Amino acid sequence: MTTVVVTGTGTEIGKTWVTAAVLRALRARGIDAHGRKPVQSFAPGDPTTDATELAAAGGEHPEVVCPPHRWLSTPMAPPMAAVALGLPPFTVADLVAEIAPGSGLALVEGAGGLRAPIAEDGDTLALIEALDPAAVLLVAPA
């Protein structure tokens, strides 16, 4: 599986929208592409999460895109959301190990901006270093 990490210059910058659009375009061209979200936080009751959007774009189940135990229903940085929800801490290595394997191309979307904490011990930059992707796509405002 070839990996591309999608990150942004901040939160709510459009990472999910861009990732989903790229997934749709690749799949329309017959390329075996899949979305992955190692961890996500969201507002309780929000029917649309990053994982559901990426799953719809990639033709997979949302729980394949993001492991169910990494769905954090508190809208804050994932390690802080885990603490607020009384969940055990997790590391970048945990997130990397839990990314569902697949074939083809995996677009792995980070959380928040490049330097926002994604795990107890690191940010998306640390995730990028651990995954050693073929490329990094940086989403920024116009």
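The values are calculated or read from the model by the stated rules, or taken from the named source; none is laboratory data. Note that the structure is a prediction, hence the values are computed from the model and not measured. Every residue, glycine as well, gets a Cβ built from its backbone with ideal geometry; the counts of neighbours run over all protein chains shown. These area figures cover heavy atoms from the full protein model, side chains too; ligands, DNA and RNA do not enter into them. Shrake-Rupley method; radii C 1.70, N 1.55, O 1.52, S 1.80 Å.
Among the numbered conditions (1) within 18 Å of residue 17 (Cβ to Cβ); (2) surrounded by fewer than 16 Cβ atoms within 10 Å (Cβ to Cβ); (3) among the acidic types (Asp, Glu), tell me where residue 63 comes up short.
Of the numbered conditions (1) within 18 Å of residue 17 (Cβ to Cβ); (2) surrounded by fewer than 16 Cβ atoms within 10 Å (Cβ to Cβ); (3) among the acidic types (Asp, Glu), the odd one out for residue 63 is (1).
Would you mind stating whether residue 54 is under 23 Å from residue 76 (Cβ atoms), modelled with pLDDT of 95 or more and not basic (Lys, Arg)?
yes
Look through the stretch 1-45, keep the residues that are in contact with a helix residue (DSSP H, G or I) (Cβ under 7 Å, 6 or more places away or on another chain) and among the small types (Gly, Ala, Ser), and return whichever of them is farthest from residue 82 (Cα to Cα).
Selected residue: 33.
Can we say residue 112 is closer than 23 Å to residue 21 by Cα, surrounded by 21 or more Cβ atoms within 10 Å (Cβ to Cβ) and either in contact (Cβ under 8 Å) with a residue 40 or more places away in the chain or in contact with a Phe, Trp or Tyr (Cβ under 9 Å, 6 or more places away or on another chain) (or both)?
Values: closer than 23 Å to residue 21 by Cα: yes; surrounded by 21 or more Cβ atoms within 10 Å (Cβ to Cβ): yes; either in contact (Cβ under 8 Å) with a residue 40 or more places away in the chain or in contact with a Phe, Trp or Tyr (Cβ under 9 Å, 6 or more places away or on another chain) (or both): yes.
Considered against the rule, which asks whether it is closer than 23 Å to residue 21 by Cα, surrounded by 21 or more Cβ atoms within 10 Å (Cβ to Cβ) and either in contact (Cβ under 8 Å) with a residue 40 or more places away in the chain or in contact with a Phe, Trp or Tyr (Cβ under 9 Å, 6 or more places away or on another chain) (or both), residue 112 comes out as yes.
Which one of 120, 129 is more than 16 Å from residue 54 (Cβ to Cβ), surrounded by fewer than 17 Cβ atoms within 10 Å (Cβ to Cβ) and free of Cβ contacts under 8 Å to residues at least 12 places away in the same chain? Outline the logic, then answer.
Details: 120 fails: free of Cβ contacts under 8 Å to residues at least 12 places away in the same chain.
Criteria check complete, one pass: 129.
In the stretch 10-42, what count of residues is obtained for those that are at pLDDT below 95 and either open to solvent by 40 Å² or more (accessible area, probe 1.4 Å) or within 12 Å of the chain's Cα centre (by Cα) (or both)?
Residues flagged as at pLDDT below 95 and either open to solvent by 40 Å² or more (accessible area, probe 1.4 Å) or within 12 Å of the chain's Cα centre (by Cα) (or both) within the stretch 10-42 amount to 3.
Does the stretch 66-79 hold any residues that are of a type in the set (Ser, Thr, Tyr) and open to solvent by 40 Å² or more (accessible area, probe 1.4 Å), and which are they?
Looking only at the stretch 66-79, we keep the residues that are of a type in the set (Ser, Thr, Tyr), and these are 73-74.
73, the sole residue that qualifies.
Which one of these is in contact with a strand residue (DSSP E or B) (Cβ under 9 Å, 6 or more places away or on another chain) and more than 26 Å from residue 30 (Cβ to Cβ): 131, 114?
On the way: 131 fails: more than 26 Å from residue 30 (Cβ to Cβ).
Exactly one residue qualifies, and that residue is 114.
Just a yes or no: is a residue in the stretch 45-60 surrounded by 15 or more Cβ atoms within 10 Å (Cβ to Cβ), outside any helix (DSSP H, G or I) and among the polar types (S, T, N, Q)?
Kept after step one, since they are surrounded by 15 or more Cβ atoms within 10 Å (Cβ to Cβ), are these residues of the stretch 45-60: 49-58, 60.
Remaining after also requiring outside any helix (DSSP H, G or I): 49, 60.
Keeping just the survivors that are among the polar types (S, T, N, Q) gives 49.
Looking for residues that are surrounded by 15 or more Cβ atoms within 10 Å (Cβ to Cβ), outside any helix (DSSP H, G or I) and among the polar types (S, T, N, Q), one finds at least one in the stretch 45-60, hence yes.
Can you name every residue in the stretch 80-107 that is open to solvent by less than 40 Å² (accessible area, probe 1.4 Å), in contact (Cβ under 8 Å) with a residue 40 or more places away in the chain and part of a helix (DSSP H, G or I)?
81, 95
So residue 74 fits all but one of (1) touching a strand residue (DSSP E or B) at 6+ places or on another chain (Cβ under 7 Å); (2) among the hydroxyl-bearing types (Ser, Thr, Tyr); (3) touching a residue at least 40 places away in the same chain (Cβ under 8 Å); (4) part of a loop (DSSP other than H, G, I, E, B); what number is the exception?
Every listed condition holds for residue 74 apart from (3).
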